[in-house]
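The values are calculated or read from the model by the stated rules, or taken from the named source; none is laboratory data. These numbers come from a predicted model, not from an experiment. Here the Cβ is made from the backbone with ideal geometry for all residues, glycine too, and neighbour counts use every protein chain on show. What goes into the accessible areas is simple: the full protein's heavy atoms, side chains included, and nothing from ligands, DNA or RNA. Shrake-Rupley method; radii C 1.70, N 1.55, O 1.52, S 1.80 Å.
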Amino acid sequence: GIPSRVEDERLFVEDLRVAGVIGFLAVVLLIVASLRAPRALVVLAVPLFVGLVWTFAFARIAVGHLNIISGFLFSILSGLGIEYGIHLMHRYRELREEGLALEPAIEQLVRRTGRALLSGSITNASVFLVIAAAQFRGFAEFGLIAAVGLLLTLVATITGLPALLVVLERLRPLSWAPKSDAALRPVEIPPRARLAVLVLVPALALASLVAL
């Protein structure tokens with residue numbers, strides 16, 4: 001009856017809140033522990049949280065509700081969205097260890113690494129947009145919110161993370177030990193290995209398609 005459905009809805013929302021908070025904190029704390037940098041907690045968590053807030057604001061405007069599938073987007077987007085911050089943080093550390101000052105490192109970080117992240121984000125979002133074309137309403141809403149959420153999280157990370165890095169570096173600068181010449185030397189990949197990759201990757205993709 002109606003009272004049972006209302007109670008189920010209330011329990012569903014409570015469970016999603018708990019799962020979302022646990023998923024968000026677990027993802028951020030795990031990455032901070034692996035990076036071994038306390039300031040990474042702020043640099044990674046704040047842009048990710050802003051992107052999630054924007055995502056569910058869009059969900060409120062475009063869809064108006066969450067279903068049993070899209071309700072888990074908070075945890076899913078936390079895991080996918082934090083990848084942008086991880087790449088930016090690692091690249092920023094590499095640039096500073098190569099001897100670049102703060103402003104040139106941030107400029108190169110946004111221009112080069114940001115462009116690569118944009119390509120990856122569009123690719124991931126396009127996959128979710130395919131799900132958005134499904135006839136089942138639950139999958140369609142999930143795909144739409146996830147696709148837009150990935151792009152919004154990228155925007156929040158690209159604009160917020162470099163700004164936070166500049167603020168934190170000016171408040172408390174970190175000393176970056178320069179890398180040795182051996183560490184800066186690029187990795188040489190044999191031409192045969194590159195040719196093998198160019199041949200095998202399309203072949204494996206085609207074989208997977210046939211198998212599916």
Could you run through segment 99-118 and say how many residues are open to solvent by 80 Å² or more (accessible area, probe 1.4 Å) and at pLDDT below 85? 0
Given the structure, is Ile76 touching a residue at least 60 places away in the same chain (Cβ under 8 Å), open to solvent by 40 Å² or more (accessible area, probe 1.4 Å) and under 11 Å from the mean Cα position of the chain (by Cα)? yes
In segment 88-98, the residues that are surrounded by fewer than 17 Cβ atoms within 10 Å (Cβ to Cβ) and either touching a Leu at 6+ places or on another chain (Cβ under 6 Å) or closer than 17 Å to Thr157 by Cβ (or both): His90, Arg93
Starting from segment 102-117, keep only residues that are over 14 Å from Gly85 (Cβ atoms), then list their pairs with residues that are surrounded by fewer than 16 Cβ atoms within 10 Å (Cβ to Cβ) and among the β-branched types (Val, Ile, Thr) whose Cβ atoms are within a distance under 7 Å, requiring at least 6 positions of separation or different chains. Leu102/Val166; Ile106/Val166
Identify the residue in segment 176-212 that is outside any helix (DSSP H, G or I), at pLDDT 70 or above and open to solvent by 100 Å² or more (accessible area, probe 1.4 Å) and, among all such residues, is nearest to Ala40 (Cα to Cα). Val187
Out of everything in segment 1-18 that is modelled with pLDDT under 80 and open to solvent by less than 70 Å² (accessible area, probe 1.4 Å), what residue ends up being farthest from the chain's Cα centre (by Cα)? Phe12
Residue hits (segment 19-51; under 15 Å from the mean Cα position of the chain (by Cα) and free of Cβ contacts under 8 Å to residues at least 12 places away in the same chain) are Leu25, Ala26, Leu30
So is Leu48 within 15 Å of Ala19 (Cα to Cα), part of a helix (DSSP H, G or I) and in contact with a Ser or Thr (Cβ under 7 Å, 6 or more places away or on another chain) or not? no
Give just the number: which of (1) open to solvent by less than 80 Å² (accessible area, probe 1.4 Å); (2) in contact (Cβ under 8 Å) with a residue 40 or more places away in the chain; (3) in contact with a helix residue (DSSP H, G or I) (Cβ under 6 Å, 6 or more places away or on another chain) does Trp54 not satisfy? (1)
Quick check on Thr153: is it surrounded by 12 or more Cβ atoms within 10 Å (Cβ to Cβ) and either polar (S, T, N, Q) or not in a helix (DSSP H, G or I) (or both)? yes
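Considering only segment 23-51, state which residues are closer than 18 Å to Glu169 by Cβ and open to solvent by 70 Å² or more (accessible area, probe 1.4 Å).
Arg36, Pro38, Leu41
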Sort out which residues of segment 119-150 are of a type in the set (A, V, I, L, M, F, W, C), open to solvent by less than 70 Å² (accessible area, probe 1.4 Å) and under 27 Å from Val46 (Cβ atoms), and write them in order of number. Ala125, Phe128, Phe142, Leu144, Ile145, Ala146, Ala147, Val148, Leu150
